[in-house]
Structure formats: C-alpha cells, structure tokens
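To keep things clear, I will list the structure first and then write my remarks on it.
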Amino acid sequence: MVENSRPIIAILGGTGDLGSGLAKRWLASGYSVVIGSRSAEKAQAFAAELGGNATGKDNVEAARAADVIILAVPFSNHEASLREVRDVVQGKIVVDAAVPLVPPKVSTVQLPPEGSAAQIAQNLLGDGVRVVSAFHNVGASKLHEGKRAECDVLVFSNDKEARELVIGLADVVATRGVDGGMLANSAAAEALTSVLIGINRKYKVPGAGIRITGLPSSAA
Ligand SMILES: NC(=O)c1ccc[n+]([C@@H]2O[C@H](COP(=O)([O-])OP(=O)(O)OC[C@H]3O[C@@H](n4cnc5c(N)ncnc54)[C@H](OP(=O)(O)O)[C@@H]3O)[C@@H](O)[C@H]2O)c1
C-alpha cells in the first residue's frame, strides 16, 4: 500500500477540526489521505471538498486501506473507535492524537487511571500494533492557516522505527517532530494540552504551542 515510498494515511475522525487540519497539510505535501468517518457518505463528501489525493470511507474501511492510521476523535469515543478498528489495524502503525480531556474542566489535567490515552490504545490494540502518540499540542486552528503550524510535535512510541516515521510526518505539518521517547512519556504531552488550553483562554489566543530549545539547528 506504500505509494512512492510514502505511506497511505487514514485519519479516523478526519472530518473534525484536528483531523481535517492534518489532512490538508499532508495532502499539500503529496500524501494520499483516506478520510475516516462514522458515515462513509460524509467522509466521501468531505474528501471531495479537500481534493488532491483524498478519498473518504467509514472508519473501519479507512483503517483497512491505510498503512498509518491517525486517531483524531474525542476522548469520549476513543475506546469505542479503537475497538471498532482493532482487527484491521493489526501489524500497522496507529497514531493516537486523542487527549483525555474531561469536560467541563478541560484546562485541568485529568489523566486516566491507565496513565494516558496512548497507553489505553496500546493495551486495547495489543502488541501486534505499533502505537505512536503525537500531535496533542498542535492547535488545529494553526493547521488551517495554509502553512505548517509553528510549533514542535512531541512523538512517543515503544517502536523506534514507527516513532521515526511519525517524526517525519510531523515535520510536514509543523515546525518539526521531536523524539519524546517511550509511549509512557505520552502522559506529559497529553497533560500539557490542558495547560495550553488554559493559556489560550488567559491570553486570548487560538493556538498556543510548544518549542523545545537547545536542540541543534539541524533538528529544526
Ligand atoms: N482540536 C484541536 O486543536 C486538537 C489538538 C490536539 C489534539 N486534539 C485531540 O484530537 C481529537 C479530535 O479533536 P477535534 O477537535 O478534531 O474533535 P472534533 O472536531 O470534535 O471531532 C473529530 C471527529 O470525531 C468524530 N466524532 C465527534 N464526536 C464524536 C462522538 N461522540 N463519537 C464518535 N465520533 C465522534 C466526528 O467525525 P464523524 O462525525 O465524521 O464521525 C468529528 O468530526 C480529540 O481527542 C482532541 O483532544 C485536538
């Protein structure tokens, strides 16, 4: 399924704010993107609007058609979405972007007992799936501005090769991807999102983000 050495990317919840923003950036860079939705019709109509190498399918068929599957659904539907695609993502890379926000206090860190959304994903999908965690600290509004979002993207996984592939995908949508280490560390990025939401409110900005200082310029 890999086209011109580029993986085919499915985005579950690809009609939403974050998913559609990511889709636009990857499509602009020539990737093939399958928009996933609970409704195949909605996904197809949305993909037609996006144009380029975009197609639309229901979430399960989107996951089946891709090499790399991005999970961009609300945390309330995170577990149900994972269960739905579990069989068709075996052997693939699943990138969890869901943040375990618990409304109404979304600017307060409230991580789940498992430690993180990413850990829930790995537990549920099993060792046959290479779970990566990324994009938690990218304000979706920044992705809709027609250029790469000005921020770093922390990328976590227990699988080094999968982590590096997703760092490459993050380089396309934002300033750069940065290796954040093992999946257990995802808790830090997931928690940080609540802090950034609080900063957005306090300073009346749409998309506060993070930059890691002290890295060599070659990493930028
Ligand atoms: N927005 C951001 O700036 C941002 C940044 C970083 C991380 N995140 C995380 O990324 C995930 C998606 O965020 P978002 O802002 O893009 O969310 P969203 O726009 O509210 O929802 C994304 C998509 O998920 C599906 N969906 C919505 N509600 C659902 C429900 N109750 N059950 C099942 N599917 C549902 C919808 O697609 P269909 O109707 O087509 O199925 C929707 O278009 C969240 O976990 C969020 O914490 C968001």
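For the chain, the carbon plus sulfur part of the accessible surface works out to 52%, probe radius 1.4 Å.
Of the trypsin sites (Lys or Arg not before Pro) found in the range 110-209, those that fall in a DSSP loop while having at most 16 other beta-carbon atoms within 10 Å are Lys147, Lys204. Residue by residue, the range 203-215 carries 3J(HN,Hα) couplings of 9, 6, 10, x, x, 4, x, 10, 10, 8, 8, x, 7 Hz when phi is fed to the Karplus relation 6.51 cos²θ - 1.76 cosθ + 1.60 (θ = phi - 60°); x denotes Gly or Pro. Using a cut-off of 20 Å between Cα atoms, the listed pairs Lys57/Lys160; Lys57/Lys142; Lys24/Lys142 include Lys57/Lys160; Lys57/Lys142 as exceeding that distance.
Heavy atoms of the protein chains alone define the surface here; on that basis the range 83-220 has 47 Å² accessible area per residue at 1.4 Å probe size.
Looking at the range 9-203, the DSSP beta bridges with both ends there are about 5 percent antiparallel. Only DSSP H runs of four or more residues enter the estimate; each adds -39500 (n - 2.57), and after division by the residues of the chain the mean residue ellipticity at 222 nm equals -11000 deg cm²/dmol.
Just how far, in whole angstrom, is the range 166-211 from the range 52-108 if you go by their alpha carbon centroids? The two parts, judged by their Cα centres, are 18 Å apart.
With an a/c value under 1.5 for the gyration tensor axes a ≥ b ≥ c computed over the alpha-carbon atoms, the range 9-203 is described as rounded.
Taking label positions 7 Å along the Cα-Cβ direction at both Asp87 and Asp127, the computed distance is 2.3 nm, reported to one decimal.
The values are calculated or read from the model by the stated rules, or taken from the named source; none is laboratory data. Because the structure is a prediction, the values reported are computed rather than measured. Cβ: placed from backbone, ideal geometry, glycine included. Neighbour counts: every protein chain shown. These accessible areas exclude ligands, DNA and RNA; they are computed on the full protein's heavy atoms, side chains included. Shrake-Rupley method; radii C 1.70, N 1.55, O 1.52, S 1.80 Å.
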